[in-house]
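The values are calculated or read from the model by the stated rules, or taken from the named source; none is laboratory data. If you're wondering where the values come from, they're calculated on a predicted model, not measured in any experiment. Because the Cβ atoms are built from the backbone with ideal geometry, glycine has one as well, and the counts that use them run over all protein chains shown. Accessible surface is based on the protein model in full, side chains and every heavy atom, while ligands, DNA and RNA are left aside. Shrake-Rupley method; radii C 1.70, N 1.55, O 1.52, S 1.80 Å.
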Amino acid sequence: MDSKRLLLLCLIQGLIFSTSYCASLDYYTAGVVEFRQSILGLDAWSENLEAYVEIINSENASATDIIVFPESTLNALGSTTFVPNPEDNINPCLNGSHYEEFLVTLSCAARNVSKYIVINLTEKQKCEDTPDDPRPCASNGLNIFNTNVVFDRQGVVVSRYRKVHLYAESKNLTYLPELVTFETDFGVTFGQFICFDILFYTPAHQLIVEQGITDFVYPTMWFSQLPFLTAVQIQQGWAYAQNVNLLAAGASRPSVGSTGSGIFHGRQGTLTSVMKHDIGERAIYVAQVPKITRRSRRALQDTRQLPASTDFYMMRDALEIYETQLLQLDVGSNGSSTGHICQDSFCCNYDLVWRPQEGPVAQNAKYYSYRVGVYDGVRKDQNVDSNYIRNCGLFACLGERIEECGLLPEEGVSPQSPVIFTRLAIKVTYPESRHFLLIPDTLLDNLMPLEPNQFEWSQTTKESYQHEVHFALAESHELGNLLTFAVYGNYYDNDCTFGMGTEAEQLACGYKGNSSPLRSLGPWLIAMPLILLGLTLSR
């Protein structure tokens, strides 16, 4: 039977054999929702719910097997609900007396359209239901969680996940972090996490390492931060580095910095994505997602949108703690820069070549400047969990001072790069660690990342517990609208990192022999960067 007939059978509700046919397809169809929530009034959830149901029943959603809604766009603290334990196999649509109206309604919506529906909500739970938790309970006897809920095609709650890494939220953490997956009738097992969780080992990375999960649902209300952590930039980079399918659904309110949704197919790149630049939207983005196999190679659909305006609030990384060098660019001239930059013993080599922009130079034109920067240390925002990073890359600035880097231009100002980069290459040696993730981290001035066919990435293991990363612009590719080109090294808690700690600690982590050759590498790199570049970056 051909794939079109199989798909038709999968879409016909009620067929007793549809599950096995759906599982035999080499792809599934997913939808992620970019959603601007109503936030006014105690009954804002009612208006949000109505819009959710409209999207679920829309023509654009008709072909989907699974729909993912974003974080914190349904209800708030004033309208919390209990959520069934998935082990109890409860269908709120058929037995909803214990649950709030919106949970019942969405259960029925999933049942009516016969689709898997993933929502995020504010959940309440009686403290007495967790007798193993020794922590004191609130005076009202309730825990409040940031929670994902998954309905199957019949409206049954088949999965529930509570966010591990809160982002300055007035909500509870579970006593023990949760690792949550759910199986589908189309032959894919999904892991799940929420927003800020993506920057930590537990649960996102841990599900890949310990359970081999290849597909993830990811509700988020991400607050983008230049130059390394805008929404689609980190979504695509994470999916690429892990080589997994990621279904990311983002809240849509650009005026406070929140937007960014997409469907990403591992090393093959973006299937569909969006970064809104105006008032936000309520829309579903749909793609056929190839199931992860060794032979999976399917053409990509690119529906990325260019900015319509600059009505976008952007957070900024603390770039002052980076070691940086200003790149000397002469408007109207060819040029190149080859060198290295270090912070303590962590060093990075770069090789850059550029040519001038085409056409006459406009009078009083506003141009970006660029810096190369490196950082080895803790990344911490106020009142949130911290992680350890080792970053190196090139990023754009609105002026020559470091304080002018990582900023969007003011409304009505449209700076451009004074040059077109014809070569961008970074070479970094990273230490082995118990858990770490090295991510290609790129951004263009439309707030979208480069796609995998536009860059070259290699990560090879060297002797003495070191990893060599070579990250470069693809041959014959040029860039004149660059904001970021970097390697983002996420070391999570930096436990058991080679070259860190005492000899005894290194041995306990399994590192044999000299525990500090990495630290001795820094001076050598400083003395020999041109030789290294000649051997590894020349073409």
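Numbers at a glance
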{"item": "Residues located in region 370-384, provided they are modelled with pLDDT under 95 and crowded, with 17+ Cβ neighbours inside 10 Å", "result": "R379"}
{"item": "Enumeration of residues in region 393-437 that are farther than 30 Å from F312 by Cα, assigned to a loop (DSSP other than H, G, I, E, B) and either free of Cβ contacts under 8 Å to residues at least 24 places away in the same chain or of a type in the set (D, E, K, R) (or both)", "result": "E432, R434"}
{"item": "Residue identified as over 30 Å from D185 (Cβ atoms), assigned to a loop (DSSP other than H, G, I, E, B) and either touching a strand residue (DSSP E or B) at 6+ places or on another chain (Cβ under 7 Å) or at pLDDT 95 or above (or both) among L329, L306", "result": "L329"}
{"item": "Meets criteria (at pLDDT below 95 and open to solvent by 40 Å² or more (accessible area, probe 1.4 Å)) for N85", "result": "no"}
{"item": "Any hit, region 467-474, residues being farther than 26 Å from D197 by Cβ, modelled with pLDDT of 95 or more, open to solvent by 20 Å² or more (accessible area, probe 1.4 Å) and more than 16 Å from the chain's Cα centre (by Cα)", "result": "yes"}
{"item": "Members of region 385-399 that are farther than 18 Å from S414 by Cα, touching a strand residue (DSSP E or B) at 6+ places or on another chain (Cβ under 8 Å) and open to solvent by 20 Å² or more (accessible area, probe 1.4 Å)", "result": "S386, Y388"}
{"item": "Single residue of region 194-235 satisfying the filter (of a type in the set (F, W, Y) and open to solvent by 10 Å² or more (accessible area, probe 1.4 Å)) that is farthest from H277 (Cα to Cα)", "result": "Y201"}
{"item": "Region 254-268 residues that are among the aromatic types (F, W, Y), paired with ones that are open to solvent by 10 Å² or more (accessible area, probe 1.4 Å) and in a helix (DSSP H, G or I) (beta carbon under 9 Å, 6 or more apart)", "result": "F264/Y240"}
{"item": "Spans of helices (runs of 4 or more DSSP H) in region 486-539 with at least 3 residues modelled with pLDDT of 50 or more and more than 17 Å from N391 (Cα to Cα)", "result": "503-508"}
{"item": "For T497: the one exception among (1) over 23 Å from the mean Cα position of the chain (by Cα); (2) touching a residue at least 12 places away in the same chain (Cβ under 8 Å); (3) open to solvent by 20 Å² or more (accessible area, probe 1.4 Å)", "result": "(3)"}
{"item": "Complete set of residues in region 425-448 that are polar (S, T, N, Q) and open to solvent by less than 10 Å² (accessible area, probe 1.4 Å)", "result": "S433, T442"}
